[in-house]
Every structure is written in structure tokens, then in C-alpha cells.
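**Q** This is the structure, below, for whatever I ask next.
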Amino acid sequence: MKIPFLDLQAQYLSIKQDIDKGIQKVIDDLAFIGGPYVKAFEKDFAEFCGVEYAVGVSNGTDAVFLALLACGIGPGDEVITVPNTFIATTEAISMTGADIRFVDVSPKTFTMDAEQVEAAVTPRTRAIVPVHLYGCPAHMTDLQAVADRHGLKIIGDAAQAHGARFQDRPIGTLGDVATFSFYPGKNLGAYGDAGGVVTNDAEIADKVSRLRNHGRATKYEHDQEGYNCRMDGIQAAVLSAKLPYLQQWIDQRRKHAATYDTYFNEHPSITIPETDSDHYSVYHLYVIGVEDRAAVQNHLSAQNISTGVHYPVPLHRQQAYAHLGIPGGTFPVSEKMARQTLSLPLYPELSEEQVQYIAEQALNAI
Ligand SMILES: *Cc1c(COP(=O)(O)O)cnc(C)c1O
């Protein structure tokens, strides 16, 4: 049985009419950049996230960048984040001119560890960027307590976590601002690049919406320089067509994840993220930790099952950050994850039988 890691075609075919119609309307109206289709999506996505404001932007990297800028982050400031994330998180920090400071993650949820944040704060620290990795929310109440003690802003990188909840509260309502990616492979994916910034703070929302559009107050008035970080009308139309299905897709992902859990829960040589009722994960990825990852990956590949690794090199060990001079061994949890994690196929269109088959094949190699 051939099982790809991701099947965007299956999803498209299931809602082809909605998508095609949405795209055609944007073309008919020549509403290519910004405009009514972006506004309509922003309204619907804000409602989905349970927040006052959603601002559509160019991609998930720019979403983090603009959210940081809107929180006043710039040169001379320090921003704390984690090394087990996609490089976009730290690129966005550097783009503001601020300095990156890493802390390790919790071995239970693989998300930012509040105690380590507490220890890493310096007089220059202005913000923290927890990453809701694989769709699992970080411990936002612990992080908020640290942030409150030190006057730090929280910008949640929710690129993998549309619809996630912590202690029953939607992820976008926690911290000061949350950012999303709508990269095609994300849980809510456009047909090109797109991103979003959500917040309950009117000032942050206003700043982001000006910064994304050349600092425009009106068509010909620029209070300051901004950037070209706008969302396309066609992407907004695709996202609006998909949004009504997102919760059922999340339900299906969670169901498949629960099936995987039954196979891997009690296994002595497999680690999976701990789940509890505080963390409502939307399972962007289903990730197991195994000693001999290559053996499992090769065995699955021989059975035509594609897998991924998120991420094989923690950011502090990337060449791009060699100048930070952080030696190996500094962040043991992230480094162990980089050696051991293996992402199994997980998407709504998989059948229960396929999930069982993948799990059985994985167990055969362990
Ligand atoms: C995908 C991703 C991003 C970047 O999103 P783009 O839309 O590709 O720019 C940022 N952070 C994390 C954690 C991601 O997974």
C-alpha cells in the first residue's frame, strides 16, 4: 500500500467546486491583492479563533515578524524562543534587529519550558515566542506568569496549530498575539504563500495592518515606512472555501492520532508527546521518538510509506547560527528530539485502516 506523507490532491478533490468557484470570483472581480476577499477571510478566521482581530499577511514568517514589530521589538532587544522549530521563527526575530536567545523545551510536550525562560531572562529581554509545535499548545498559563513577572510580550507561533486550545481557551486568545502560516501543507493551507496575525489588542492589529501595506494610513498617506506583506485575494478565497471544513479535519486528525497512540502508548522504546486535558492538540504532525530512526524510516520507505523528520538539526546547531557559539549538549531535549523524532503520515483523508497499517509497519521495525 503506497501512502504519501501528505495528500493535498485528495483534499482538493473533496472540495473542488468550492475552491474553483472562490478563485474564479476573485479573478472576475480583479480583487487580486487585499480587498474584499481578504477582509471576508479575516472576519471568518477571527471568529474561528475566538478573537477580535485577524490580519491577513503574506506568509507565516512575515506574520511573526510583523507581530514582533507591532509589539515594539527591535535592535537591542532580546527575544526568547526554542531551538526545535522551523528556522522561520528565528529569522523573524533577526529581521526585527533583535537578538535571539534560546531555551530548551519540556520533554513532555516538546514546547517552551517556563522555568527555563525564567532563568534566561536578562534586562534586555522584551518578548518570548513559544512555538505550538506539531499542533500541541505550549503551557500558556505558566508562560504568562513568567511574562507578567518580567513585563514580556508573548507572540505565539501557531503556524502548526490552527484551532489548538490550552485549558479550553483558543490558542489565538492567549498571550498578546498569535501568528499563523497558511503554507499549503499546514492544517489550513492556501494555494501559495499566506499567513495571519490574530489578537484581541486593537493597537497591535492596527499596527500590523499598516506595516503589512507600506505603512499606509490611507492610499497616499504613509505615517512610517512599512513592508509589502499583503495577502493575495486568491489565497484568501481558497482559505475561505476551506475554513468551514477545518474543525472536521481537526477531528479526523485527532481521531487518527488517538489510533496511533493505542499502538505506541505503552511501548518501552517509543516516546510520544504526553497528552492531557489541558492540551488540545490539532496534530499538524504525529511524531514518535525512536532510538534507531533510520531503521524505522527505511523499513517504512521499503513498504512505500513516506515519513518526515521535524527537525533533524536544532537551530542552535545550524550553520546559520554558528556565530551564536552555542555548543552541542546545551539543549539536551531539543538535541535528543533532533536525533530521534520521526513524523508519520497524518492527514484527514487517511483511512483508519491506513493508520493501523502504518502503525503496524512501524512496530515491525522497532
Ligand atoms: C511553517 C512555519 C512557519 C513559517 O511559515 P511560512 O508561511 O512558510 O512562512 C513558522 N513557524 C513554524 C513553526 C512553522 O511550522
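The values are calculated or read from the model by the stated rules, or taken from the named source; none is laboratory data. These numbers come from a predicted model, not from an experiment. Ideal geometry is used to build each Cβ from the backbone, glycine not excepted, and the neighbour counts take in all protein chains shown. Just the protein is used for accessible areas: all its heavy atoms, side chains included, with ligands, DNA and RNA removed. Shrake-Rupley method; radii C 1.70, N 1.55, O 1.52, S 1.80 Å.
**Q** Kindly flag which residue pairs out of K16/K39; K39/K186; K16/K219 have an alpha-carbon separation exceeding 31 Å in this structure.
**A** Exceeds cut-off: K16/K219.
**Q** Okay, moving on. R0 = 56 Å: FRET efficiency of D148 with V309, Cβ-based, nearest 0.05?
**A** On the way: r = 36 Å, r/R0 = 0.65.
The pair D148/V309 has a calculated efficiency of 0.95.
**Q** Considering only protein heavy atoms and a probe of 1.4 Å, how much of the accessible area of segment 246-364 is carbon and sulfur, as a whole percent?
**A** 46
**Q** Ok, one more. If you take the square roots of the eigenvalues of the alpha-carbon gyration tensor of the chain and sort them as a ≥ b ≥ c, do you get rounded (a/c under 1.5), prolate (a/b over b/c) or oblate?
**A** Because a/c hits 1.5 or more and a/b fails to exceed b/c, the chain counts as oblate.
**Q** If you filter segment 159-256 for chymotrypsin sites (Phe, Trp or Tyr not before Pro), then keep DSSP loop positions with at most 11 other Cβ within 10 Å, what is left?
**A** Passing sites in segment 159-256 are Y220.
**Q** Would you mind working out the accessible area per residue for segment 8-244, using a 1.4 Å probe, and quoting it in Å²?
**A** About 40 Å² of surface per residue is accessible.
**Q** Sorted by average packing, counted as other Cβ atoms within 10 angstrom per residue and highest first, what order do 143-155, 114-126 take? Display every interim value, and only then the final one.
**A** Working: 143-155: 18.5, 114-126: 15.8.
Result, highest mean Cβ count within 10 Å first: 143-155, 114-126.
**Q** I would also like to ask the following. For Q224 and T141, compute 0.36 nm times the residue count separating them, minus their Cα-Cα distance, and round to one decimal in nm.
**A** This chain segment gains 26.4 nm when fully extended.
**Q** Counting only heavy atoms of protein chains, what accessible area per residue, in Å², does segment 246-364 have with a probe of 1.4 Å?
**A** Details: 5470 Å² over 119 residues.
Result: 46 Å² per residue.
**Q** Could you check what % of the DSSP bridge pairs in segment 8-244 are antiparallel, to the nearest 5?
**A** If I count the DSSP bridges inside segment 8-244, around 55 percent turn out antiparallel.
**Q** Note down the nm distance, to one decimal, between modelled labels 7 Å out along Cα→Cβ at K255 and at E353.
**A** 1.6
**Q** At a Förster radius of 35 Å, what calculated FRET efficiency corresponds to the Cβ-Cβ distance of A294 and H323, to the nearest 0.05?
**A** Numbers: r = 31 Å, r/R0 = 0.87.
For A294 and H323, the calculated efficiency is 0.70.
**Q** Can you list residues whose amide H is under 5 Å from I3's amide H, if they're 5+ apart or on another chain and H is modeled 1.01 Å from N?
**A** I305, S306
**Q** Counting other Cβ atoms within 10 Å of each Cβ, which GluC sites (Glu not before Pro) in segment 1-70 have at most 15 and sit in a DSSP loop?
**A** Here the sparse-neighbourhood loop sites are E52.
**Q** H267 label point, 7 Å along Cα→Cβ, cut-off 15 Å on backbone N: hits in segment 315-342?
**A** Hits in segment 315-342 for H267 at 15 Å: 340-342.
**Q** Does segment 196-278 come out rounded, prolate or oblate by the C-alpha gyration tensor, with a ≥ b ≥ c the root eigenvalues, rounded set by a/c under 1.5 and, if not, prolate when a/b is larger than b/c and oblate if not?
**A** Working: a/c = 3.76, a/b = 2.51, b/c = 1.50.
Prolate.
**Q** Would you tell me the accessible area of M112, worked out with a 1.4 angstrom probe on the heavy atoms of the protein chains, in Å² to the nearest 10?
**A** Ignoring ligands and nucleic acids, M112 comes out at about 10 Å².
**Q** So if I restrict to the alpha-carbon atoms in segment 246-364, what is the Rg, and what is Dmax, the biggest pairwise distance, in Å?
**A** Every Cα atom of segment 246-364 included, Rg and Dmax give 15.7, 48 Å.
**Q** So, one more: Mean residue ellipticity at 222 nm from the helices of the chain, using -39,500 (n - 2.57) per DSSP H segment of n ≥ 4 over the full residue count, to the nearest 500 deg cm²/dmol?
**A** The helix-only estimate for the chain comes to -12000 deg cm²/dmol at 222 nm.
**Q** Give me a comma-separated list of calculated 3J(HN,Hα) values for segment 115-132, in order, Karplus coefficients 6.51, -1.76, 1.60 applied at θ = phi - 60°, integers in Hz, x for any Gly or Pro.
**A** 5, 6, 5, 3, 6, 9, 5, 10, x, 8, 5, 10, 7, 10, 10, x, 10, 7
**Q** Output the relative contact order of the chain, whole-number percent, from Cα pairs under 8 angstrom with separation of 6+ residues.
**A** Relative contact order for the chain comes out at 22 percent.
**Q** Between L30 and I87, what is the FRET efficiency for a Förster distance of 35 Å, r being their Cβ-Cβ separation, to the nearest 0.05?
**A** Taking R0 as 35 Å, the efficiency between L30 and I87 is 0.45.
**Q** For a quick protection proxy, order the peptides 83-94, 25-36 by their average other-Cβ count within 10 Å, most packed first.
**A** 83-94, 25-36
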